[in-house]
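Asks: Got a structure for you, questions after.
The values are calculated or read from the model by the stated rules, or taken from the named source; none is laboratory data. These figures come from a predicted structure and were not determined experimentally. Neighbour counts are summed over all protein chains in view; Cβ atoms, including those assigned to glycine, are modelled from backbone coordinates with ideal geometry. In case anyone asks, the SASA skips ligands and DNA or RNA and just uses the protein heavy atoms, side chains included. Shrake-Rupley method; radii C 1.70, N 1.55, O 1.52, S 1.80 Å.
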Amino acid sequence: MEMTGEQLIPASQQDTWNALNDTEILKACVPGCESIVSTGENEYAVLMTARVGPVSAKFKGKMKLSDIKPPVSYNIAFEGQGGVAGFAKGSASVQLSPDGHGTKLVYQAKANVGGKLAQIGSRLVDAAAQKVAGDFFNAFNGMVAAAHAAAHTDEAAHDAGEHHPEPVPRDPDLPDVFPSTLQWVAATALVVV
């Protein structure tokens with residue numbers, strides 16, 4: 001299976017690079033990903049559940065980054081075992097370049113599958129891979145765009161000298177309330193609801 005594509009990421013090249021190297025962001029964006037754990041320098045253990053046609057399996061795999069040229073490109077080698085469902089092994093290259101107010105991400109991936117996955121047929125495997133890639137980029141673009149917008153909103157507020165008021169001090173004329181009273185009020189409110 002071979003797959004190529006490009007995406008316009010709504011963030012700077014450096015922000016995009018940082019997000020692509022953040023395991024928590026990747027875990028949140030890869031469909032079915034349960035964990036990505038560093039096992040060494042630029043090496044990771046990956047656990048994910050995948051479904052291809054009638055075959056569903058939990059895959060344990062390894063991923064290694066190489067030819068790393070921050071914030072421009074890197075290569076990824078991966079392999080995963082899914083028990084009786086089979087295996088997947090392959091590689092991908094990722095290149096980033098500035099594009100207006102965003103970043104153009106170009107990728108090329110090659111993979112081989114075996115076991116039940118190979119018996120399903122390449123059309124189903126290719127369609128499942130395209131769906132995973134589409135779902136990943138939808139989630140990734142949304143997450144990166146939100147983080148990028150929040151960072152620029154914070155910068156603009158700071159640059160504009162926006163002043164946030166101090167908290168209002170407690171009124172000394174109000175009676176003291178003990179925590180047990182607050183707990184009783186909260187419990188009563190729950191019972192009433």
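Asks: Modelled label-to-label distance, residue 107 and residue 39, 7 Å Cα→beta-carbon offset: nm?
Replies: The answer from the label model is 2.1 nm.
Asks: By the scheme Lys and Arg +1, Asp and Glu -1, what is the net charge of all other residues having a beta-carbon under 13 Å from that of residue 58?
Replies: Values: positive: 51, 60; negative: 34.
Summing Lys and Arg as +1 and Asp and Glu as -1 gives +1.
Asks: Just give me a number: lysine pairs in the stretch 1-127, eight or more positions apart or cross-chain, with C-alpha atoms less than 17 Å apart.
Replies: Final tally of qualifying lysine pairs is 15.
Asks: Another question about this same structure. Give the accessible surface of the stretch 80-136 per residue, rounded to a whole number of Å², with probe radius 1.4 Å and ligands, DNA and RNA excluded.
Replies: Working: 3150 Å² over 57 residues.
I get 55 Å² per residue for the stretch 80-136.
Asks: Follow-up question, since we're still on this one. If you average the alpha carbon positions of the stretch 49-103 and of the stretch 23-38, how far apart do those two centres end up, in angstrom?
Replies: 11
Asks: Please give the net charge around residue 86, taking every other residue with its beta carbon less than 14 angstrom from that of residue 86, where Lys and Arg add +1 and Asp and Glu add -1.
Replies: Working: positive: 51, 58, 60, 89, 116; negative: 79.
Local net charge: +4.
Asks: What number results when the radius of gyration of the stretch 31-153, computed over Cα atoms, is divided by 2.2 N^0.38 Å?
Replies: Numbers: Rg = 16.0 Å, N = 123, 2.2 N^0.38 = 13.7 Å.
Rg over 2.2 N^0.38 Å, computed on Cα atoms: 1.17.
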